[in-house]
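Scroll down for the structure; my scribbles are underneath it.
The values are calculated or read from the model by the stated rules, or taken from the named source; none is laboratory data. Please read these numbers as outputs of a predicted model, since none were measured by experiment. For neighbour counting, all protein chains shown are included, and Cβ atoms are generated from backbone atoms with ideal geometry for every residue, glycine included. Surface accessibility is based on the protein's heavy atoms, side chains included, excluding ligands, DNA and RNA. Shrake-Rupley method; radii C 1.70, N 1.55, O 1.52, S 1.80 Å.
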Amino acid sequence: MSSERRVNLFTASVKTLHGTKWGYINSRGRFKILPQFEYAKDFQNNGLAIVTLNNVDGIINSLRRYVVRPKYENIMDFSEGLAVVIDKSGFKVIDETGREITCKSYSFISNFSNGRAYFALSDAHGNYLYGYLDREGKEVIPAKYLNASDFKDGKAVVHVKENVYALIDLNGNIIQYYNYPYVGGLGDGLLEFKETSDGKSGYIDVDGNVVIKPQFTSGGVFAEARAVVNIGEDIINKYGLIDKNGNFIIKPEYNSINQLGENRVAVLKAINEEKPYLGLKYAIADTEGRFLTDFIYFDVGCYKNSLASATDDRNTFFIDKTGKIVTELPVLSGGGSLTIQGDLIKAFVDYRISYYNKASELVWKQNTVIPLNYDYRVKEEKFRPDRNYIVYYAQVQGMKDKAAQQKVNIELEKLSKVKEYKLTFETETSYTGDFNIEFFQKQLLVIELNAYEFPFGAAHGMPSKIYPHIDLVTGRFYELKDLFKPGSNYVKVLSDIIGEMIKTDPEYEYVFPDAYKGIKPDQPFYIGKDVLYIYFFPYEIAPYSAGFPTFKIPYKNIMSIINTNGEFWKAFN
């Protein structure tokens, strides 16, 4: 087991000409590891941190030395001195020196608990069987279960075969069989079960004795001698809190209940009962069923050392175990969360990180001005008319023609949908917008404006991104056609190139058959130093999971139609 090695360094990001870069500051807000990573996670108790560079993950220590050079598609947090990593071959496990301790790859590996991690292997038909690894990476329990769960107190519940579950020990020995179509994970001595696959849920003890007869639509895991259950039918939720005898401590009449630890729960009620998808308000109660607050919060985190992060419609703050705001600690405008990390309080509010000391004094926050060169800058502004609509938008500074600069900034506001917001009592969609500098050379600035719109109640939201190409001398916004010679059939040339790429390049196998019909004259695009990028929106020619299908066309392949004497080309060449 690894020993704790506390590192007083904190993740911090800086917006730069080359995108957002991440590094680490000390408790005084000074960078000790300079911003250089695409993303950086907090240092863990073993003194190691996961960082991302060139779209792959690695691990550093507090001296910025690589323990694992960036090479994995993903690295999970360490648990019991081991971390699960993913590469093209599958899931593996590494130790704190970066050594791979598994001798092969798996379809899945969980985090370690009680010295065990469950793994999955798939057969030729795509079916999965689960087993367990020990801390040396060996298959201490072979893959033979239909499903598995984490060990707790040396025991785990596994799905042996249809209508049979079992409780096993660390070596896979059967402690108890359960002849039911469903049995849930271990809680405080009780397990959720169903007598029929589509029936109600109840609870059994570890010996298989029925303690609470099936009567719930669904049941949660017991913690602190309490479990959250639902008796609602269809899409109507009626959550309550029960004790180990099945008695309701909190009546089953709420939209949800979250167990927060330290004998506290958050009880959730719809803001609008006729439209519960619009959001929920939280009240704090104890595990004896006493309500300590009214329904006044929009989010509440778990309790730790008698404090929990919470938000209302305006601010983010800590609350104590009575549910009252702790005014001695930071109270910040906006929505998000606060966590105490060593000497500092980390605030993630309105999608931005900042740090405060225990006296609520600001120690560090991300920059809001991005220098392009000695003449030009881009300033970040925020538009947040309510908790569901947040836009960070760009404003250009330093243009000599101030009238042109004003027009540019008005257009950037418009493109960022700052002016489209209409205040209503309760919006039915959340909207977040942000920007990055995509390209700057000579007098041409390309900004990526990205956004995500989520209609409440939908399966998922819809992302969008556009790339204004701005001439910082004239204030002109260039279009795709401006890159090419007048009269050139750039639409056909580019369409044919992309069509050939879809036919011949395996990278584009995800494109829907016969969906691609060529590009439009005003096709979304952005330029790089040596390359033109043409892209499509989700669902346009490919599934949602494909994101924005993007095609990279080197200028050298289309020089015959590029207008090298045009304003667009000369703006960056």
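Key figures
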| item | result |
| --- | --- |
| Other-chain or far-sequence residues with amide H under 5 Å of Asp386's (modelled H) | none |
| Added length on full extension, which subtracts the Cα-Cα distance from 0.36 nm per residue, Leu17 to Tyr66 | 15.1 nm |
| Per-selection metrics, segment 449-525 (Cα): Rg and Dmax in Å | 16.6, 48 |
| Neighbour cut-off at most 16 other Cβ (10 Å), DSSP loop, chymotrypsin sites (Phe, Trp or Tyr not before Pro), segment 418-515 | Tyr421, Phe425, Phe456, Tyr510 |
| Approximate shape of segment 154-233 as ellipsoid semi-axes (Cα gyration tensor, √5λ), whole Å, largest first | 21, 15, 9 |
| As computed over segment 414-573, the Cα convex hull volume per residue (Å³) | 130 |
| FRET efficiency for Lys485 and Phe512, using Cβ-Cβ distance with R0 set to 35 Å, rounded to 0.05 | 0.60 |
| Percent of alpha-carbon pairs separated by more than 23 Å within segment 393-497 | 44 |
| Cross-link reach list, lysines versus Lys324, counting only Cα pairs under 24 Å and skipping chain neighbours closer than eight places | Lys251, Lys269, Lys281, Lys304, Lys346, Lys358 |
| 222 nm mean residue ellipticity, helices alone, for the chain (DSSP H n ≥ 4; -39,500 (n - 2.57); rounded to 500) | -2000 deg cm²/dmol |
| Cα long-axis angle, helix 402-415 against the chain (0 to 90 degrees, to the nearest 10) | 40 |
| Total charge dipole magnitude, the chain, about the Cα centre, Cβ charges on Lys, Arg, Asp, Glu only, Debye to nearest 20 | 1880 |
| Rounded accessible area per residue of segment 407-557, 1.4 Å, Å² | 52 |
| Volume per residue that the Cα convex hull of segment 296-394 spans, once the total is divided by residue count, Å³ | 105 |
| The chain, relative contact order in percent, only Cα pairs under 8 angstrom and at least six apart counted | 6 |
| For segment 191-239 and segment 117-154, distance of Cα centres in Å | 26 |
| Hydrodynamic radius (Kirkwood) for segment 244-310, which is based on Cα pairs only, to one decimal in Å | 12.4 |
| Rounded FRET efficiency, nearest 0.05, which uses the C-beta distance separating Cys103 from Ile497 and R0 of 35 Å | 0.20 |
| With every protein chain in place, segment 95-229: carbon and sulfur % of accessible area (1.4 Å) | 46 |
| For Met462, solvent-accessible area (1.4 Å; no DNA, RNA or ligand), Å² | 80 |
| Degrees separating the helix 490-504 axis from the principal Cα axis of the chain, which is the longest one | 40 |
| Trypsin sites (Lys or Arg not before Pro) lying in DSSP loop within segment 98-203, provided at most 13 other Cβ fall within 10 Å | Arg99, Lys104, Lys138 |
| Residues whose placed amide H lies under 5 Å from that of Ile271, excluding near-sequence neighbours | Gly279, Leu280, Lys281 |
| Bins of 10 Å, starting at 0 and running to the largest distance - Cα pair percent for segment 202-282 | 18, 48, 27, 6, 1 |
| For Ser197, solvent-accessible area (1.4 Å; no DNA, RNA or ligand), Å² | 100 |
| Calculated P(r) tail over 18 Å for segment 52-110, as whole % of Cα pairs | 28 |
| Per-pair calculated FRET efficiency, R0 = 60 Å: Gln36 and Asp205 via Cβ, rounded to 0.05 | 0.65 |
| 32 Å tail of the calculated P(r), the chain, as % of Cα pairs | 61 |
| Low-density loop cleavage sites - trypsin sites (Lys or Arg not before Pro) in segment 368-413, where at most 11 other Cβ are within 10 Å (DSSP) | Lys400 |
| Other-chain or far-sequence residues with amide H under 5 Å of Leu186's (modelled H) | Val157 |
| Spin-label model distance (nm) - Ala458 vs Thr564, 7 Å beyond Cα toward Cβ | 4.5 |
| Fraction in percent of alpha-carbon pairs per bin - 10 Å, segment 16-97 | 18, 51, 26, 5, 0 |
| Accessible area per residue, Å², segment 119-175 with all protein chains present, probe 1.4 Å | 52 |
| Length released on extending from Asn74 to Asn114, taking residue separation times 0.36 nm less the Cα-Cα span | 12.1 nm |
| Accessible area of segment 334-385 belonging to carbon and sulfur atoms, whole % at 1.4 Å probe | 52 |
